[in-house]
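Working notes, beginning with the structure itself.
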Amino acid sequence: MQTIRDLITKYRKQLLTPALIFLFSLVMVQLYFTFEITRQPNDECIWSPKLSDDEELGFFFEDVKFEGVTWNAGIRDGDQLIEINGKKIENLQIASLTLYSLDTGDSATYRVSRDGRTFDAKVEVKKLTQIGGLAYILIGAIWLLVGAIVINAKPDGFTQVLFFRIGATLVLFSTFTLLVTQNIYNPLYSYKAILIFLDNLQSFGGVFLPFLIIHFFWVFPRKFSIIDKKYTTKTLYLIPFIIFVSVLIFKFGYIYDSTVALNLFLAYYNFFVSGLLLISAIIGLVSLFINYLRLQTKNERNAIFIILVAYTIGVCATIYTVILGRSVPPSTLYNSPLLYSPIVLIALIPIAFGFSIFKYSLMDVTDVLKNTLLYGVATVSIAAIYFLIIYILGQSLSSVIGTEYQGIIAAIIFIVFAIIFQSTKERFQELITRRFYPEQFAYQKVILKFSGDVVTIFGLENILRSTSSTFVEALRVNRFGIMLKDKSRSNVYNLAESIGFRQNELAVEVNIGNLAQLILSKKDSNLLLVIEDSEFPMIFPEDHTKLNDEEIFTILPLKIQSRIIGFLLFGLKHSGSKFAGKDLELLLAAANQTAVAIENARLYESESEKLKLDRDLENARLIQDSLLPTKFPSIEGLDICGKMIPAMHVGGDYFDLIPISDKKLFAVIGDVSGKGLAASFYMSKLQTMMQLYCNGLLSPKEVLMEINQRIYNSIEKNWFITVSIALIDSDKKTITFARAGHTPLLITTSDGAKEYTPRGIGIGLEKGEIFNTVLEEIIIPLEDNSLITLYSDGITELMDHQNNFFGTEKLNVILGRNLNKNCSEIMGCVLDDLIKHRNGSPQNDDITLVLLKSVY
């Protein structure tokens, strides 16, 4: 299997052209059959089989459309159909086949019986195009067209290949439109081999398409972590493979001997596949919406918003059509076919993709095509001019010297011009680059100038910012980062500056031995000191997948003598290719100068560390204050109060009150391990995620799971965050509570105080499997006049001069004693007792208290 995959990858460009010819030919055949062969005759009524008065089976008209073709012929509900064009109607198949032989606008003679009287009626026959089938053909054709452009721009791109596969499988699945009508006028039913081939094409496309859609929207526009799970991708392809093989065996064993059985099977099978498609489309829509929320820049959001709107319209149109088909009588299809026309709106999805791809340069399409077309036209133009000159010179010299030497003269001229063609072409392309792509032409000069200027820039941050902006603007890369050596761990490098990274706090461990070996090997071989993506597993054995996830392909070490102080990280060039050749030589020269400037800045920085530390503490305090609610939300049935008193050394306490409605509220309290600026940064990140995920769609447990998944890879290994979340619903009178290693929830009533301590570990301690398994969520009834208390350990662990803790028991006594007061008064009582207990002793940790009281 791996060998086949490697061969396909190797010869993808060569295989692409015949594949596209086949698929677009299939689209043409589908369109022809849809408009010419498989259109259903429509006389705008229903023939209903019933027993007549003489107990014989007859066919009676029902749901005759008012002023439709049958109505205009004088036929009404309850009339009996006897003959069509002289053929006695013994079953519905005879009637249908008779009408199939007619073209649109032809008339059929119906012999009709009414109240014992027989009469003939001329009925003009209409032909009904299968709107659903046409919709699938259109979405397949347009998606394939856009996919062909995308994959031609970047044949090796993973997302591009997935996008193209969706278009290809859509076209294959649309083959069902060739088989929807089984009659003597459909030529396919006369050729069993072709019928079987086409049937299996649509089976293959229909089975694999839903899983390709899921796979694509789990990697586009941003990859979901689930796709990196060990068996996710294999499962997405193994399931449809098993289904397809099972269906194949069943068909050859039981179906293909009977065309009637085939038609019946197709009906059920297409229903099954349609269900899979609808489910996958909804999963794709939800995934795209989540990804849209994850996007940071306006440009990224605009590009995906267009697709999201079109996708939503397409899914809604599909759901509408499914509901319509299940809720209206069969006559609606014939009497009001336009009701089904919204299904055509699914074709907006690939159109939106195409628009966003070309307008916003998604998947590196626009600039690649522009370059290819422009340089291609230039090359062809030069070649045409050269051959024209060769022809004119050959003719001129032949007329002078003689025709007997014409062949020799032409050969000599051709050889001479062939020699100079390449250099002329390169100079002409350079001229085009200077004229049409001034950024690309100028970036070499920019890099060279930067190499001289960077050593004059003052301050590490300014150096990093200038380096980042210069490389990004000059090279037009979407991903660029600077990693610097960790001060406390010699083999760890942290992301100090980045553009386009998903994780702004990325850290990687370096295998120092392998890196030294690579440097020596490249030096001995006279190769550039560059770490290619294929070498990532050797140099970054534990973290190479992080770099792959960030789409980093080239890394340049920042080297000072024999020390590596950092790395420059590059994504792909704007053209979609990796850096190579002279580009790398220039980048290495700039990297060496950058390393010198960074080292000088770090030496200076160490001299001013104490001043910076003082500023950091002040900034941390400001950040911490800015994260706290400025006012308390008004929630029906709740009295609310919260307060945080920072310690002398800024800690990591945080609380928030996030209203969902006028009757629902998330109360959040957290504590970041450690102190100072780093703790405040983590608090800021925690608050942002809380505001994002506490939206009413997720439960407290799900919010904690999402945040742990997002924070784990970016938090320092010796850091963690404890959090408690309570969702209070004053309407249902419930408290939904979950805690990630934080202090218990206290609920005080007239009957006493009770602690609630569901299981949970701190955020950032474990990647997810153990965290999610251990995490417990409980639902507690909300009684009238009950007091809900969320607190930090800075309260219970507050010590007096004898190092005695304040303790939970003392806190419960104060809360119970003041239960009849409002939350603000209770808060004052607790803080007064804390001050008395401390009695002048230093406060070593933040004090945070959130009170919510039910008042009905």
- With each label point set 7 Å from Cα along the Cα-Cβ vector, what nm distance links Glu90 and Gln14? 6.0
- Sorted by average packing, counted as other Cβ atoms within 10 angstrom per residue and highest first, what order do 86-97, 759-770 take? 759-770, 86-97
- Candidate cut points under trypsin sites (Lys or Arg not before Pro) in the range 159-241, DSSP loop plus at most 12 other Cβ atoms within 10 Å of their own Cβ, are Lys229, Lys230
- Compute the length gained on full extension between Val322 and Tyr256: take 0.36 nm times their separation in residues and subtract their Cα-Cα distance, giving the result in nm to one decimal. 20.9 nm
- Grab the Cα-Cα distance for Ala193 and Ser101, subtract it from 0.36 nm times how many residues apart they are, and report the gain in nm with one decimal. 30.6 nm
- Query: How long is the gain from Thr796 to Asp115 if the chain were fully straight, where each residue apart is worth 0.36 nm and the alpha carbon distance is subtracted?
  - Reply: 235.7 nm
- Message: Using a Förster radius of 25 Å, what is the FRET efficiency between Glu702 and Lys643 based on their Cβ-Cβ separation? Nearest 0.05, please.
- Response: 0.30
- Projected onto their principal axes, the Cα atoms of the range 42-128 stretch, largest extent first, over whole-Å spans of 36, 25, 19
- Within the range 793-856, which trypsin sites (Lys or Arg not before Pro) sit in a loop by DSSP and count at most 16 neighbouring Cβ atoms inside 10 Å? Lys821
- Query: In nm, to one decimal, how far is the modelled label at Asp832 from the one at Leu293, with both set 7 Å along Cα→Cβ?
  - Reply: 4.4
- Message: Suppose each label sits 7 Å from its Cα in the direction of the beta carbon; what would the Lys754-Asn839 distance come out to in nanometres?
- Response: 3.6
- Cα centroid of the range 182-225 to Cα centroid of the range 229-249, whole Å: 15
- Message: I'd like the FRET efficiency for Thr773 and Ile282, computed as 1/(1 + (r/R0)^6) with the beta carbon distance as r and R0 of 41 Å, rounded to 0.05.
- Response: 0.90
- Query: Among rounded, prolate and oblate, which fits the range 628-854 when a ≥ b ≥ c are the square roots of the eigenvalues of its C-alpha gyration tensor, a/c under 1.5 means rounded, and a/b larger than b/c means prolate?
  - Reply: oblate
- Query: Based on the Cβ-Cβ distance from Glu535 to Glu36, what FRET efficiency comes out when R0 is 60 Å, to the nearest 0.05?
  - Reply: 0.55
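All of the numbers you see were taken from the coordinates with simple rules; none came from a lab. In this text, all values refer to a predicted model and were calculated from it rather than measured experimentally. Using ideal geometry, Cβ is built from the backbone for each residue, glycine included, and neighbour counts are taken over all protein chains shown.
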